[in-house]
Amino acid sequence: MNKHTKVALFVAPVLIVLGYILSDIYVETKAYEDKVVQLLPIDNCDIINKSCVLEADDLQVSIYDENGTTFINSTFQLTKATLFLVDEHGMATGVKLQMHDNPFYWKHETQLRQFIANKGQQYKLRLIAEIKGGKYISEFYSKTL
């Protein structure tokens, strides 16, 4: 075995490990870049009857209300979640949701159930869910079926 082969056998594993580490650092920095993605309802959203799911790519966010507490759970860990209740004049009232058990589950007491009952058939909502640097936004209507 000549000296070039010996050097190649020594350097190749070092380059593989170094390439793996650098690619991981690159992917992690890309994850923290600011981006905005739109969440779309899969079907009709009925928050009161627990059948409202929004999705974008692999992320799915479920929204439902139980006894005046609005819950959000997602397929990925959220950094922050804010729900906006929009009245008939387009004025939005923001509600910052708090982590329930872990970053997949968020909740906060809201007047959503009363608004939907008073409004009748549908009520406009907005959601901003943040994952690292990405903001997932949605504007949708909750319809009682």
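Give the carbon-plus-sulfur fraction of the accessible surface of the chain in %, rounded to a whole number; probe 1.4 Å, heavy atoms of protein chains only.
Numbers: 5280 of 9470 Å².
Summing carbon and sulfur atoms, their accessible area is 56 percent of the total for the chain.
Probe of 1.4 angstrom, ligands and nucleic acids ignored: what's the accessible area per residue over the range 71-145, in square angstrom? Before the final figure, lay out each step's value.
Values: 4330 Å² over 75 residues.
That works out to 58 Å² per residue.
Just to check, using Stokes-Einstein with a Kirkwood Rh over alpha carbon pairs, what's the diffusion coefficient of the chain at 25 °C and 0.890 mPa s in µm²/s? Before the final figure, lay out the partial values.
On the way: Rh = 17.5 Å.
Reported coefficient: 140 µm²/s.
Taking a probe of 1.4 Å, how large is the accessible area per residue of the range 1-57, in Å²? Kindly include the intermediate steps, with their values, before the conclusion.
Working: 4600 Å² over 57 residues.
I get 81 Å² per residue for the range 1-57.
Cα to Cα, under 15 Å, and not fewer than 8 places away if on the same chain: which aspartates and glutamates meet these conditions relative to K132?
Those aspartates and glutamates meeting the cut-off are E28, E33, D34.
Of Y141, V17, Y64, whose Cα points farthest to the positive end of the dipole of the chain (charges on the beta-carbon: +1 Lys, Arg; -1 Asp, Glu; origin at the Cα centre)?
The one lying farthest along the dipole's positive direction is V17.
Taking H as built 1.01 Å from N, whose amide H comes closer than 5 Å to the amide H of L39, not counting residues under 5 places away?
Placed amide hydrogens put I137, S138 under 5 Å from L39.
Expressed in whole Å with the largest first, what are the equivalent ellipsoid semi-axes of the range 59-115 derived from the C-alpha gyration tensor as the square root of 5 times each eigenvalue? Provide the component values of the computation, followed by the final result.
Working: eigenvalues 85, 30, 18 Å².
Ellipsoid semi-axes (Å, largest first): 21, 12, 9.
What are the ³J(HN,Hα) values, in whole Hz, obtained from phi via the Karplus relation 6.51 cos²θ - 1.76 cosθ + 1.60 with θ = phi - 60°, for each residue of the range 91-104 in sequence order, with x given for Gly and Pro?
7, 9, 10, x, 10, 7, 7, 10, 4, 8, 10, 8, x, 8
Report, by chain and number, residues whose modeled amide H sits under 5 Å from the one on K80, excluding near sequence neighbours (fewer than 5 apart, same chain).
E130
Identify all aspartates and glutamates with a Cα-Cα distance to K50 below 13 Å; exclude those on the same chain that are fewer than 8 residues away in sequence.
Counting by Cα, and skipping residues close in sequence, K50 has these aspartates and glutamates nearby: D65, E66.
If you place +1 on the Cβ of every Lys and Arg, -1 on the Cβ of every Asp and Glu, and leave all else neutral, what size is the dipole of the chain about its Cα centre, to the nearest 20 Debye?
I would put it at about 400 debye.
For helix 3-31, report the angle its Cα long axis makes with the longest principal axis of the Cα atoms of the chain; keep it between 0 and 90° and round to the nearest 10°.
Long axis of 3-31 versus the principal axis of the chain: about 10 degrees.
The values are calculated or read from the model by the stated rules, or taken from the named source; none is laboratory data. Because the structure is a prediction, the values reported are computed rather than measured. Cβ: placed from backbone, ideal geometry, glycine included. Neighbour counts: every protein chain shown. Side chains are part of the model used for accessible areas, which takes the heavy atoms of the whole protein and leaves out ligands, DNA and RNA. Shrake-Rupley method; radii C 1.70, N 1.55, O 1.52, S 1.80 Å.
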